[in-house]
Amino acid sequence: MFRSTLFATLTLLGLVSQSLTAEERNVILIVGDGMDDHQITIARNYLKGARGRLLLDDMPVRGAVQVLTVAEDGKTPVYVADSANSATAMATGEATSRARIGVFADGITHIPTIVEMAHREGYKTGLVATSSITDATPAAFAAHINLRYCTNPAIINNVEVSGIFLGECSAHTKANGGLGSISEQLAESDVDVLLGGGMADFESIAENSDQTVLELAMANNYHVITDATELAGVPSDKKLLGLFSPSTMPVMLRGQGGRKAEPPKPSWANHISSYLGSVEFPEPMICEPNPDFAGMPSMKLMTEAALRHLSNDKGFFLMVESASIDKQSHERMPCGSIGELKQLLEVLETALAFAEDHPNTLILVTADHGQAAQMIPEKSMFSAFPIPVYTPGSVARIRTPEGSIMGVNYATNEFSYEEHTGTNVPVFANKEGIGRVGTFITQTDIFRIAKEYLGL
């Protein structure tokens, strides 16, 4: 304590540099994918009640973040982001176009990431996600490729879903002088901890090799685990790769019996005039434990393992993503999003406890973009009058533990997959963020704040 106080005093007097005072510096960036204020409010109402408080609500710093996206010309603004370009902004400090991972809008030019910069300066690094570890957000911190969907070597030249061509990444193949698919780049990376889903992407045969991508990782000193019970026994002299599901990890909560939001059903008379007839709303439901989550390591458990593995005298950079706040919203499943935000709060509690014992730890909590979930009256306020007003989207009426019903609506399109929104997203920080995190910043500032804190 005396030494730290003395160094702080000498620094103020200009007698020693900041670099000499920093005995250990850690940054923990927690990303709630799609976690805008609607998602936070929905989760608060369900988890704590309308008068309750989440751990986020008591953070000493709160601000707003403008999400930046550009078209493929690198200049024209695009007002709604995807997870690839928004994560790249946080990882590199540069705005890029949608679907890009660690590259400029041209799809070719690499941008150094904070993970790569931290490693070069001697910091340990880690990425934890409830998605596949090859998914957009974790990938953007450690990979460089033009299309987020090129996750393994088997599909890098032709990405198709249900027979629909989504694109290709041939310019980034090893044969063309690139770094290969996202899973290959992670397997051959210097990242000390990689934890999440995504085993399917590591089972492909690597380009120009007779080995799988997983075997490449093991050759690169990764200790591979696939079960939650293995997290406690990781060799300290090896890097850690944990792959706990084929793709995205199962969520903690689900709608009753697997239900999701459903469209209201107007009577035939309402099709004649919006003032006629009646409307039938979906029955209320509860959120229940998802049986598929059993046996999965929680975000909290993965984060605790990452912190044990990364802790050292120099410090580390750790990104933890709660991915399925977003993914469940795409599928109109509010209970899944609530459970995923609950996991994020548990990770925040773990991070704050760690920071108590490691004072030079900056904790940042933010989102990559907004999402479709919107809290609305569970029945229209116009229902007090004989007018059948209803949402044009799909609505879930959720029975909350405090005995009321909450309406969550999805109405960005009529497709099977909801879309992102262009709203600002929140940012929270612990006391280390005071004076560093402004009340209104751009998403690229997340990179700058973390970079400056680590002295990179």
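The values are calculated or read from the model by the stated rules, or taken from the named source; none is laboratory data. Nothing here was measured: the structure is a model prediction, and the numbers come from that model. Cβ sites come from the backbone with ideal geometry, for glycine too, and all protein chains shown count toward neighbours. What goes into the accessible areas is simple: the full protein's heavy atoms, side chains included, and nothing from ligands, DNA or RNA. Shrake-Rupley method; radii C 1.70, N 1.55, O 1.52, S 1.80 Å.
Brief remarks follow.
- Residues of region 133-151 that are under 15 Å from L194 (Cβ atoms) and either open to solvent by 10 Å² or more (accessible area, probe 1.4 Å) or part of a loop (DSSP other than H, G, I, E, B) (or both): I133, T134, D135, F141, A142, A143, T151.
- Region 390-408 - residue that is in a loop (DSSP other than H, G, I, E, B) and more than 11 Å from F281 (Cβ to Cβ) and, of those, modelled with the lowest pLDDT: P392
- The set of residues in region 328-340 that are within 20 Å of S86 (Cα to Cα) and either hydroxyl-bearing (S, T, Y) or in contact with a helix residue (DSSP H, G or I) (Cβ under 8 Å, 6 or more places away or on another chain) (or both) comprises Q328, S329, S337, E340.
- The residue that is surrounded by the most Cβ atoms within 10 Å (Cβ to Cβ), among those in region 247-266 that are part of a loop (DSSP other than H, G, I, E, B) and among the polar types (S, T, N, Q), is T248.
- Of all residue pairs spaced 6 or more apart or on separate chains, those with beta-carbon atoms under 6 Å, a first member in region 419-435 that is in a strand (DSSP E or B) and a second member that is not hydrophobic (A, V, I, L, M, F, W, C) are T421/G370; V425/D36; V427/G63; V427/T366; F428/R62.
- Total residues in region 267-286 satisfying the condition of being aliphatic (A, V, I, L, M), in a loop (DSSP other than H, G, I, E, B) and under 27 Å from M333 (Cβ atoms): the figure is 1.
- Selection within region 283-294 - touching a residue at least 40 places away in the same chain (Cβ under 8 Å) and open to solvent by 60 Å² or more (accessible area, probe 1.4 Å): E283, I286, D292
- Residues that are assigned to a loop (DSSP other than H, G, I, E, B) and open to solvent by less than 50 Å² (accessible area, probe 1.4 Å), drawn from region 324-345: R332, M333
- Some residue of region 181-204 being over 22 Å from M249 (Cβ atoms), at pLDDT 95 or above, in contact with a helix residue (DSSP H, G or I) (Cβ under 8 Å, 6 or more places away or on another chain) and not charged (D, E, K, R): no
- Neighbours by Cβ (under 7 Å, 6+ apart or cross-chain): first from region 254-278, free of Cβ contacts under 8 Å to residues at least 12 places away in the same chain; second in a loop (DSSP other than H, G, I, E, B): W268/G277; A269/L276; A269/G277
- Residues in region 178-205 that are assigned to a loop (DSSP other than H, G, I, E, B) and aliphatic (A, V, I, L, M): L179, V191.
- Once region 346-387 is narrowed to residues that are without any contact (Cβ under 8 Å) to a residue 24 or more places away in the chain and either acidic (D, E) or in a strand (DSSP E or B) (or both), the residue that is least open to solvent (accessible area, probe 1.4 Å) is D357.
- Subset of region 295-323 (residues that are buried (at least 20 other Cβ atoms within 10 Å of the Cβ), more than 14 Å from the chain's Cα centre (by Cα) and either assigned to a loop (DSSP other than H, G, I, E, B) or polar (S, T, N, Q) (or both)): M296, P297
- Odd one out for T92 among (1) crowded, with 24+ Cβ neighbours inside 10 Å; (2) over 19 Å from the mean Cα position of the chain (by Cα): (2)
- Selection within region 402-452: residues that are open to solvent by 10 Å² or more (accessible area, probe 1.4 Å) and of a type in the set (F, W, Y). The member of this set that is nearest to the chain's Cα centre (by Cα) is F447.
- Neighbours by Cβ (under 6 Å, 6+ apart or cross-chain): first from region 389-418, within 21 Å of L253 (Cβ to Cβ); second assigned to a loop (DSSP other than H, G, I, E, B) and hydrophobic (A, V, I, L, M, F, W, C): S394/A261; V395/A261; A396/A261; R399/I286; V408/A373; Y410/A261; Y410/A372; E418/A372
- For region 99-132, a tally of residues being crowded, with 22+ Cβ neighbours inside 10 Å, under 21 Å from the mean Cα position of the chain (by Cα) and of a type in the set (F, W, Y) returns 0.
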